[in-house]
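Please read the structure below before turning to the comments.
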């Protein structure tokens, strides 16, 4: 299967400039994607153009990833309704180092034939003087051209407007393309759908500054969006990051498991690296087992990003949340695990000193807010037999609960039923 055939089937093509397909099918080339270090982690939305690069590399081409140590100091207005808050140079540099480490795990930098390359645009911008940039680069692009770009036009027409800093962003990114074209022979730039204007500014600069016989190519991939229609960007609220300090392996795993059936086929085509025929058969299967694709993609993505051990723990934690885990798993939970696994689960409190001498179980259930009255508590325990303490069933409402039931010195888990849990924090 040719590169563009696969990319089309996977839904990884949003827009391409004229001649891109024939160029890439005729010869091996270099192509790049840029990421600004505006956050300490890539999010899953950033992985879509990376996946285009992954297939680009698997078809024999050479991927280049650019970390925007310079552009990250400025801020891209694309897709933004308001001005970004500028970050300190120390923060941008620290974020850049983290992104570089993450990107090295996503592409093959060690293969012999076409290893991926990493660059940082701060390397060529740090000594580029403002007057020199205006004279050598700015002269070749009109303000009329820049204002016609959607990323600029939309902001100019908004109440917040656009600063000169962000207005110039497309010119700086355009120069990145020119620089890589001249220094590496890189003739293709990939990006999200909202990057078309920035990328074509680069192809325009290349033609105007190097001569019209110099052809460069633009390639954009679709943006995946959240349920509210907003994109998964590095700085967007509610994003799913690949850094476990920002999004735990459990939350990462749960994101894929909980994908809607209407979305999972699209996401599987974009993100799965299963052999194409195997993936086709899974995606096109009639009446598949319930959530088959969700579980398959959750496993594949969690192992790829977080590793096998983290996947196994996330899978076990998921089973625990839905009543299929064992008591021993509870004792292995960290405070972060607790926050992630039981996010949104009702909770209450009990004073630690009451558990030192032991407490009547019915009294405990009422005082901690699990049940509103002793009558309802006794009925659930003795008649319905639906109550568990730390996943172990309790059927005697007059039994004693004590310090020995406290997990990691901080909580007790009560199951009111198979689907309804209640956390009691011990203070």
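Assorted remarks:
- Stretch gain in nm, segment residue 374-residue 90, where the contour uses 0.36 nm per residue and the Cα spacing is subtracted: 96.5 nm
- For residue 140 and residue 278, the FRET efficiency from 1/(1 + (r/R0)^6), where r spans their Cβ atoms and R0 equals 51 Å, is about 0.55.
- Calculated FRET value between residue 392 and residue 351, using beta carbons and R₀ = 25 Å, to 0.05: 0.60
- Acute angle (nearest 10 degrees) that the helix 89-104 long axis makes with the longest principal axis of the chain, alpha-carbon atoms: 80
- Folded to 0 to 90 degrees: helix 47-58 orientation relative to the chain principal axis, Cα: 60
- Pairwise FRET efficiency - residue 18 versus residue 150, Cβ, R0 = 25 Å, nearest 0.05: 0.80
- Cβ-based exposure ranking for 199, 156, 276, in which fewest neighbours within 10 Å come first: 156, 276, 199
- Additional length obtainable on full extension of the chain from residue 6 to residue 118, 0.36 nm per residue less Cα span: 37.8 nm
- Additional length obtainable on full extension of the chain from residue 109 to residue 420, 0.36 nm per residue less Cα span: 107.2 nm
- Among 111, 186, 168, the order by Cβ neighbours within 10 angstrom, fewest to most, reads 111, 168, 186.
- The distance separating the Cα centre of the stretch 141-176 from that of the stretch 1-78 comes to 22 Å.
- Angle between the chain longest axis and helix 308-321 axis [Cα atoms, degrees, rounded to 10]: 40
- Residue exposure sequence - 123, 263 - by fewest surrounding Cβ within 10 Å: 123, 263
- The chain - share of DSSP beta bridges that are antiparallel (%, nearest 5): 45
- Virtual spin-label span in nm between residue 309 and residue 331, 7 Å along Cα→Cβ: 2.0
Values in this text are rule-based calculations from the coordinates and carry no lab data. Since this is a predicted model, take the numbers as computed values, not measurements. Counting neighbours? That spans all protein chains shown, and the Cβs are built from the backbone with ideal geometry, glycine included.
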